[in-house]
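Novice: One structure, pasted below without further comment.
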Amino acid sequence: MSSHLIAAQTRAVTKSFGSGTSRIEVLHDVNLNTYESEILMLLGPSGCGKTTLISIIAGTLTPDRGEVTVLGQELHKMSKAAITKFRARNVGFIFQQFNLIPTITCEENACVPLLIQGMSMSRALPHAREMLAQVGLQEHMKKRPNQLSGGQQQRVAIARALVHKPRLIICDEPTAALDAENGRMVMELFRSLIRQPGRCALVVTHDHRILHFADRIATMNDGKIIESVPTEEFDFEHHQ
């Protein structure tokens, strides 16, 4: 954490789903800081609340209680429309299943965040091509996703997530659909691309093979943060 400036912060965040007797509290008073220029990985068993937490930080879910501040903006005080606009400008998403649109080319897929912001396709395409070149896909821009390997598709997804220069990148199991070698290559590429001042990444993972790419690891269980430590202080043997 070279800057130690907080990029995203939750304070006493609680979130439930359902109502009455079927109501389930998924997050319980969660406090978490994410700092600029770092990769924070969120580790924990299925159902412990990891995806719910990153969805709240990204502004796609609203907490029942608590405060959420992202890049200096207090999301818990903003309207849904304002959060949507903020997210379109400042947040990039990378998913386990890539979520590429199968009927369009890689360069068109990489344009999507810019199109959402209102940019024309003709203006967006040069930005998408530049980003695809950065992830090593110069020769594949005109191909559709089904013409690419899994590792190549995830690189398109990274290009799409970063094309609008977001400061916060949210990743949900980004290597789960990849073999070990492709997972390592994708994480090396990802780490090199997010090492910019003012940018940070929050990564949910079950993949212990990529934990060493983190600057810090936060462990969740039963809807709470159990610990948050620099990677060099993380007890890898205990969490195997």
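No value in this document is a laboratory result; all are computed from the given coordinates. Keep in mind the model is a prediction, meaning the values are calculated, not measured. Virtual Cβ from ideal backbone geometry, glycine too; neighbours counted across all protein chains shown.
Novice: Using just the helices of the chain, give the 222 nm mean residue ellipticity in deg cm²/dmol: DSSP H runs with n ≥ 4 each add -39,500 (n - 2.57), and the total is spread over all residues, rounded to 500.
Specialist: -9500 deg cm²/dmol
Novice: Can you tell me which of 114-127, 158-171 comes out highest on packing, and rank the rest after it, using the mean Cβ neighbours within 10 Å?
Specialist: Output ranking for 114-127, 158-171: 158-171, 114-127.
Novice: Can you run phi through the Karplus equation (6.51, -1.76, 1.60; θ = phi - 60°) for segment 131-137 and list ³J(HN,Hα) in whole Hz, with x for Gly and Pro?
Specialist: Working through the residues one at a time gives 5, 5, 5, 5, 9, x, 10 Hz.
Novice: Follow-up question, since we're still on this one. Cα to Cα, under 24 Å, and not fewer than 8 places away if on the same chain: which lysines meet these conditions relative to K80?
Specialist: Correct list for K80: K15, K50, K165.
Novice: Antiparallel versus total DSSP beta bridges in the chain: what percent is that, nearest 5?
Specialist: 50
Novice: In debye to the nearest 20, how big a dipole does segment 122-240 give about its Cα centre with +1 on each Lys and Arg Cβ and -1 on each Asp and Glu Cβ?
Specialist: Around 1040 debye, computed over segment 122-240.
Novice: How much length is gained on full extension from I6 to E227, taking 0.36 nm per residue of separation minus their Cα-Cα distance?
Specialist: Gain on stretching I6 to E227: 77.8 nm.
Novice: Next up: Quick one: helix 150-162 against the long Cα principal axis of the chain, what's the angle to the nearest 10°, folded into 0 to 90?
Specialist: Roughly 80 degrees between the two axes.
Novice: Here is a follow-up. Please give the charge dipole size of segment 1-102, origin at the Cα centre, charges +1 on K and R Cβ atoms and -1 on D and E Cβ atoms. Round to the nearest 20 debye.
Specialist: 340
Novice: With an 8 Å cut-off on Cα pairs and a minimum separation of 6 or more residues, tell me the relative contact order of the chain in percent.
Specialist: 27
Novice: Moving on. Which value, in debye to the nearest 20, gives the size of the charge dipole of the chain about its Cα centre, when Lys and Arg are +1 and Asp and Glu are -1 at the Cβ?
Specialist: 1140
Novice: Let me ask something additional. Under 17 Å from a point placed 7 Å out from the Cα of T60 along the Cα-to-Cβ direction: which residues of segment 141-169 have their backbone N that close?
Specialist: 154, 157-164, 166-169
Novice: Follow-up question, since we're still on this one. Tally the DSSP beta bridges in segment 119-240 and give the antiparallel ones as a percent, rounded to 5.
Specialist: Antiparallel bridges: around 55 percent, rounded to the nearest 5.
Novice: To the nearest 0.05, what FRET efficiency results for S192 and D235 with a Förster distance of 30 Å applied to their C-beta separation?
Specialist: Between S192 and D235 the formula returns 0.65.
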